[in-house]
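Enquirer: Here it is, the structure, as structure tokens.
The values are calculated or read from the model by the stated rules, or taken from the named source; none is laboratory data. In this text the structure is predicted, and so the values were computed from the model without any measurement. Note that each Cβ is placed from the backbone with ideal geometry, even for glycine, and that neighbours are counted across all protein chains shown. Calculation scope for accessible area: heavy atoms of the full protein, side chains included, ligands and nucleic acids excluded. Shrake-Rupley method; radii C 1.70, N 1.55, O 1.52, S 1.80 Å.
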Amino acid sequence: MAATLFVILLGTGALQILSYSGTVESAHQSIVNMYRRGSPAGFIRNIHYWAGNLLVIVALLHLLRVYLTGATGQRRRLNWVIGCCLFLLLLFANFTGYLLPWDQLAFWAVTIFTNMLGYVPFIGTWLSEMLRGGNEVGAVTLANFFAIHVAFIPVCIIILLIFHFWLIRKAGGLIRIDDSPVDRVPTVPV
């Protein structure tokens, strides 16, 4: 289900790029224009929005299932870590997407987020200035978050997903709860 939602997000995101303008002056208006009568762009944006939120819920439920079935053991520890990294990337993708309409909510959310990053020891100030593109939130900030949302995060997720699926296959399939904690569901159909 999570992989299907991710493919839907890639498709609807690619379609939204056709009508989104990533500049401070026109970002919000491009979102408003998506909802004009007769335009399918608003419907596509709604699918993207709900698929992104549903993906977070599905991924959280998946992490919970993996933890409760004991599939975080020694042989699967790396895959557990990769799954947790994928979940964090999903949360960051949702956050960066939340900022792209560049309305008041988005502006103040990015302001608070980047100010909070400044409190991280050693790298906080550097990280917050890098994301903002300077000392203040502005056009460079929007461009940075747009690039992170449409390029950096999807590429990282695709790479980690491939590795995640390969590790599941290498471990011999999925673990399911039964009498034995090592009973597995085969990954190759019989």
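Enquirer: Which percent of the Cα-Cα distances in the chain go past 27 Å? Show your work: numbers first, answer last.
Expert: Numbers: 7303 of 17955 pairs.
Of the Cα pairs, 41 percent sit more than 27 Å apart.
Enquirer: Would you work out which of GLY172, TYR20, LEU9 lies farthest towards the positive end of the dipole of the chain? Charges go on Cβ: Lys and Arg +1, Asp and Glu -1.
Expert: Result: GLY172, furthest along the dipole toward the positive end.
Enquirer: With every protein chain left in place and a probe of 1.4 Å, what is the accessible surface of CYS156, to the nearest 10 Å²?
Expert: Using a 1.4 Å probe on the heavy atoms, I get roughly 40 Å².
Enquirer: Please compute P(r) over all alpha-carbon pairs of the stretch 60-101, binned at 5 Å starting from zero, and give each bin as a whole-number percent.
Expert: 6, 22, 25, 18, 11, 8, 6, 3, 1
Enquirer: Another question about this same structure. What is the magnitude of the charge dipole of the chain about its Cα centre, with +1 placed on the Cβ of each Lys and Arg, -1 on the Cβ of each Asp and Glu, and no other charges, expressed in debye to the nearest 20?
Expert: For this selection, approximately 540 debye.
Enquirer: Using alpha carbons only, how many degrees (0 to 90, rounded to 10) separate the axis of helix 104-117 from the longest principal axis of the chain?
Expert: In the chain, helix 104-117 runs at an angle near 60 degrees to the longest axis.
Enquirer: How much length would be gained if the chain were fully extended between TYR119 and LEU63, taking 0.36 nm per residue of separation minus their Cα-Cα distance, in nm to one decimal?
Expert: Stretched out fully, the TYR119 to LEU63 stretch lengthens by 17.3 nm.
Enquirer: List every residue whose amide H lies under 5 Å from the amide H of ASP103, counting only residues 5 or more places away in sequence or on a different chain, with H placed 1.01 Å from N in the peptide plane.
Expert: Close amide H contacts, sequence-distant or interchain: none at all.
Enquirer: Treating the angle as unsigned and between 0 and 90°, give the value, to the nearest 10°, between the Cα long axis of helix 2-17 and the longest Cα principal axis of the chain.
Expert: 20 degrees
Enquirer: Of the peptides 131-142, 72-83, 92-103, how do they stack up when ordered by the mean number of other Cβ atoms within 10 Å, highest first? Don't skip to the answer; put the middle values down first.
Expert: Details: 131-142: 16.2, 72-83: 14.7, 92-103: 19.2.
Ranking, from highest mean packing down: 92-103, 131-142, 72-83.
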